[in-house]
Structure formats: structure tokens, C-alpha cells
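Data first, discussion second: the structure below is written as C-alpha cells.
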Amino acid sequence: MYEEPYRWVEAIGNRRQYLDEQLKQGSPVVALSYADGALLLTVSRGTPKLYEIYDRIGLGGIGHPADLEKLRFSLLEMAHLEGFNRSPSDVTGARMMKLGLAPIIKQAFEEIFKAPFIVKILLAELSLKPGKDTFLTIDYDGTFEETSGCAVLAATKTIEARMVGYLKQAGHAPTLSLDAALALAAKAWAVGSLAQAAETETDRKDEKESNTPVAKEPEDAALLAHLRETLADKTLEGAVLERQAPGSSKYRVLTREELASLVPKSAPAST
Amino acid sequence: MGMQGDFLQLLKEQGYQIGTSVPAGTEIEITRGTTILAMKYRDGVLVAGDRRATAGNMVMYDRTDKVLELDRHSVMAIAGVPATAYEMVRVLEHSFKYYRRTQLQDLSFEGKLRAVSKLLKDNVAAALAGTGAVAPIFAGYDFEQGSAKIYFYDILGAEFEGVEYAVSGSGSPTIRGILHYVNTWGGQPLAVLSEEEATIQALRLLTCAAEFDSATGGVNHEANLYPVVKLITERGLQTVPDTTLKSLFESRVTRKG
């Protein structure tokens, strides 16, 4: 029945709807440059969502853990073979995205008799010089983009734009200290998470007209309160790519202690 | 197979093979690397190597680095054919990283030892043919046991633990005896030496090796060329800077007057 072109277009449309629905509950991911490198932050439940891919490349994802795992392995395989056969400098974020992820994701998305990957992926690549870090994001249909400074993943494009808007407006600069960058990333995460919750709510009430752009994001206190509430049953997950780290691997998972300062004191004791 | 984090297996699936069993031609002098040593001291393990690579009577290179970092807590010091040894180091380095990144945990110390053995075993044909014989020393920090350890290998891949020290390469017979003497009847056993004292011993030993083995570079003070000395402790790996080696050599190794 899908042989007819319009059926195929229809099927793709259904597929988008299905994927949007699946990703609605995903926890946003924030990545940004700071003074000593690049930071990745998210909140996860059980399965981690941030991973090391290569010497200078980190990955953040939202979606189905099994799909994320499959794509992570294919990236790891490609990166390590390339780094071994050529040189670690030839393993770049852009090549990993264009050759390693995009074709696989797009093909799976369009082969309507097979299951698509329920994922959105972000790659953060640490540059040799400060201020030149690259961030690449890819959607479930295989479209990808490259940015510098910061990048985010969230359930919808609109919410992603709001989060990036928030980061810019709240004064993100690549010269921030790690503490400042962490605090900012956590608030941007809350902006995304609250927006996703609001959208789900709107869907339920079926009030499409109220889905107008928000003029102002919530105050810091509201953002932190939301973060605190979420962390009651979930965990904050952070990783950095540190330019000055000794050795060739620059990726490091942030410790619980380093992340603890993000949750204000009024939080229920959770150590 | 990739799922199990085995990088060597992944390479083999791509048609990769370490070492080729082409017999060495009688006319060709193959490049070789020479004296390396590892010894336990108070805080961990010291690994050192001279800088010379030779092909027959010819000095190929005087700035060879024979003590190569595999990760933040382990090194492989190489003696034998550098072409094969460097390749092994590259495979190991990528194997450890690949394992850690896929399995989300570090490869165990035991696992690292096995990886070295496996590569040497795959290389046996080349080792026996004479084109790829490598006898390395592997040293690293074993977090399970909470101590730094030394292992050395023959060219066929047999693994031996160097409880106090290990040596390899053409200059090693000279210093093996000295190490035994110093450790048994010297003022104090090697295991209690401070970082500085251990470094001085390493410089003296490599100087001795160079005295009796033309293929060992030792210390070339005039050219400002010092051996490579690395220290492995629980905190990680560090390279002793040339400036430190220079000042220790001048004050504690050269005989005054």
C-alpha cells in the first residue's frame, strides 16, 4: 500500500508524529563552551545519557536507550578505526556526524517498513584553541546542524530555540568559569524541561492557540525549584572535555561533589 | 564483536594483521631499539629507556622514545624492532580506550596484560623470522591490588612478573647484575628509594649499559640528550623533565675531578 507516492509521504508524516510523541518525555541536554573546555549537562533516570566517543568528542542524547546505544557503538567503531588507521586528528565531530550518524539515521527514518531510531544526538567537539569548540546536533530524520558556543537537545525545535535563547540572554560566553557554566546549563535545562511539561499539558487540554511564544522565561528561583523537584527521583549528569587535561583523552565525567553545588541548600538532603 | 569492546578483533574483521612473517634478508640490517628498565621504588614504578635505535653498526636515531604511554596509568617500554613495537603500542592504546569507551569501565590490569600477550602471540611468526622480534616491559598501576606492577615478556609472548625490577634489550645483561647487587647489598633495597634516588639509579644504570653496549645511547651530556624516565603512581603517570635529569646527572652521576 505504500507503493503509491502519496502513501509514502503520508507514512513519513505518521512517522514524524510517532517520533515526536516518543521524544516528548525526553530529558533535555545542554552543551556549552566555558573557559577551560566544553560542558555537557542533563538529568537522567537510571541510564546515562552522556558518553565519551573519542579523545576530544563527547555525546549527549535523548530518546530510546537501545537506539542510542546502537548508534553510540557505530560511532565508537568508526572513530577508533579512523583514529588508528589514520590519526586521532582525523577523527572530527563533523566527519563523525556526516559519515557516521546522518546516513544511518536518515535511512532508518525513511525505510518505512523498518523501525526508525528514536533519538536526537548532540556531539560536542573540543577545539585546540579556546572559543572554537564545535557542537553538532542531529534530529531523528537525519537533518543535522553545526553551531559554536552552545547547543541543546529537547523534544521540539521550538523548545530548543527557547533554550538557546535563554542561554544567550542569560549571558553565556565562552569565558565562563566551570561553576558559572554549570549553573547556567542547569537553568537552561530547567527552561527546556518546564517548556516540555507545559507543552504536554497544552496537548492534553487541546488548546493549540495557547501555544504562542513565551515572552519571558521563568525567574531563576522557579527554574531552580523545578530542578530540585526533578532531582528528587532523577540524577544530574555532567561531563566535561577539558583542554588542559593530561594525556590524549580529554573527556571526564563530573563527580557528584562537583555537581552538588548546583542543587541549592534548601533541597532535601540527597547525598 | 565490537559490542564486547575488543578493538583488536574489530581490526581483524577489517583484514588487519599484526606482524608479517617475511624472513629477514641476509643483506638487510634491521633497526632495533635497546636498553630499557623498570624498577619499583617507594611511590610506584620507574620506567626508563635510552634514546638510541641502531641498524647493525649504524646509529639510526638518537632521540627514540622507548617508554610509551598506553593510558594515564600504564606504559610499555620497548626493546627490539621499533616498527613492530610502535604498532603494538598503537593497537594497545586504542584497545584500552575503545574498551573503556564502549564498556564504560576501565580494562582491568589483568586484561591489559593479556592484551599485550595476545599481540606478541599474534606476532610470533614475524618474531621468529627476525623481522619483528619485540621483548617489551609493561608497567602500570593495578587499582584492584592497590600497587604498581612490572611485567616483562619474551618475544613469544610469555609473561613474567618483575617483582622488584625488570630489564630488556641488548644492554640489559650488564645492568641486570648491577640491579641484583644494588638491591641485595646496596645501602637500601630499591623498593624504599625516593623518587629522586630512583631516578639517579636509572641514570647510572643506563650510563653503565652504554659503557658496555654500543647499541645503547645512555646519556649524551654534550648534546643535552637524556634518557626517557617515567614514573607511575596511584595519581597517574609523569615524565621526569630533562632539566631535572640534567641537574641530577651533573650532581650525582658524573664523577667530579
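The values are calculated or read from the model by the stated rules, or taken from the named source; none is laboratory data. These numbers were taken from a predicted model, which means no experiment stands behind them. Don't worry about glycine lacking a Cβ; one is built from the backbone with ideal geometry, like all the others, and counts go over all protein chains shown.
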For region B:59-84, enumerate the residues that are modelled with pLDDT under 95 and small (Gly, Ala, Ser). B:ALA79, B:GLY80, B:ALA83
Lone qualifier among B:MET76, B:MET88 - being crowded, with 23+ Cβ neighbours inside 10 Å and within 14 Å of another protein chain (Cβ to nearest Cβ): B:MET88
For region B:68-111, give me each residue that is hydroxyl-bearing (Ser, Thr, Tyr) and touching a residue at least 24 places away in the same chain (Cβ under 8 Å). B:SER74, B:THR84, B:SER95, B:TYR98, B:TYR99, B:THR102, B:SER108
Among the residues of region B:155-206, the number that are more than 15 Å from the chain's Cα centre (by Cα), at pLDDT below 95 and among the hydroxyl-bearing types (Ser, Thr, Tyr) is 1
Residue hits (region A:84-116; basic (Lys, Arg), surrounded by fewer than 18 Cβ atoms within 10 Å (Cβ to Cβ) and in contact (Cβ under 8 Å) with a residue 24 or more places away in the chain) are A:LYS98
Restricting to region A:30-47, what's the tally of residues that are more than 12 Å from A:PHE135 (Cα to Cα), among the β-branched types (Val, Ile, Thr) and surrounded by 22 or more Cβ atoms within 10 Å (Cβ to Cβ)? 1
Of all residues in region B:33-51 being small (Gly, Ala, Ser) and closer than 15 Å to B:LYS149 by Cβ, the one that is farthest from the chain's Cα centre (by Cα): B:GLY44
Residues (of a type in the set (A, V, I, L, M) and over 12 Å from B:HIS94 (Cβ atoms)) located in region A:73-102: A:LEU75, A:MET78, A:ALA94, A:MET96, A:MET97, A:LEU99, A:LEU101, A:ALA102
I'd like to check something: does region B:170-185 contain any residue that is in contact (Cβ under 8 Å) with a residue 12 or more places away in the chain, under 24 Å from B:LEU107 (Cα atoms) and out of contact with any Asp or Glu (no Cβ under 8 Å at 6 or more places or on another chain)? no
Considering only strands (runs of 3 or more DSSP E) fully contained in region A:3-100, which possess at least 2 residues that are more than 14 Å from chain B (Cβ to nearest Cβ), of a type in the set (Val, Ile, Thr) and under 20 Å from A:ALA185 (Cβ atoms)? A:29-34, A:37-44
Could you give every pair whose Cβ atoms fall below 8 Å, whose first residue belongs to region B:226-246 and is among the acidic types (Asp, Glu), and whose second residue is at pLDDT below 95, counting only separations of at least 6 or pairs across chains? B:ASP242/B:ASN224
Enumeration of residues in region A:216-258 that are among the β-branched types (Val, Ile, Thr) and touching a residue at least 24 places away in the same chain (Cβ under 8 Å): A:THR230, A:THR235, A:VAL240, A:VAL253
Taking strands (runs of 3 or more DSSP E) that do not extend beyond region B:53-120, which have at least 2 residues that are more than 30 Å from A:LEU75 (Cβ to Cβ)? B:53-55, B:58-61
Could you check, for region A:169-178, whether at least one of its residues is more than 23 Å from A:PHE73 (Cα to Cα) and part of a helix (DSSP H, G or I)? yes
Before we move on, is B:ASP122 buried (at least 17 other Cβ atoms within 10 Å of the Cβ), over 30 Å from A:ALA66 (Cβ atoms) and over 19 Å from the mean Cα position of the chain (by Cα)? yes
Please tell me if B:GLY2 is modelled with pLDDT under 95, in contact with an Asp or Glu (Cβ under 7 Å, 6 or more places away or on another chain) and either within 14 Å of chain A (Cβ to nearest Cβ) or under 30 Å from B:GLU195 (Cβ atoms) (or both). yes
Looking at (1) surrounded by fewer than 16 Cβ atoms within 10 Å (Cβ to Cβ); (2) modelled with pLDDT under 95; (3) in contact with a Leu (Cβ under 9 Å, 6 or more places away or on another chain), which is the only condition B:GLU222 fails? (3)
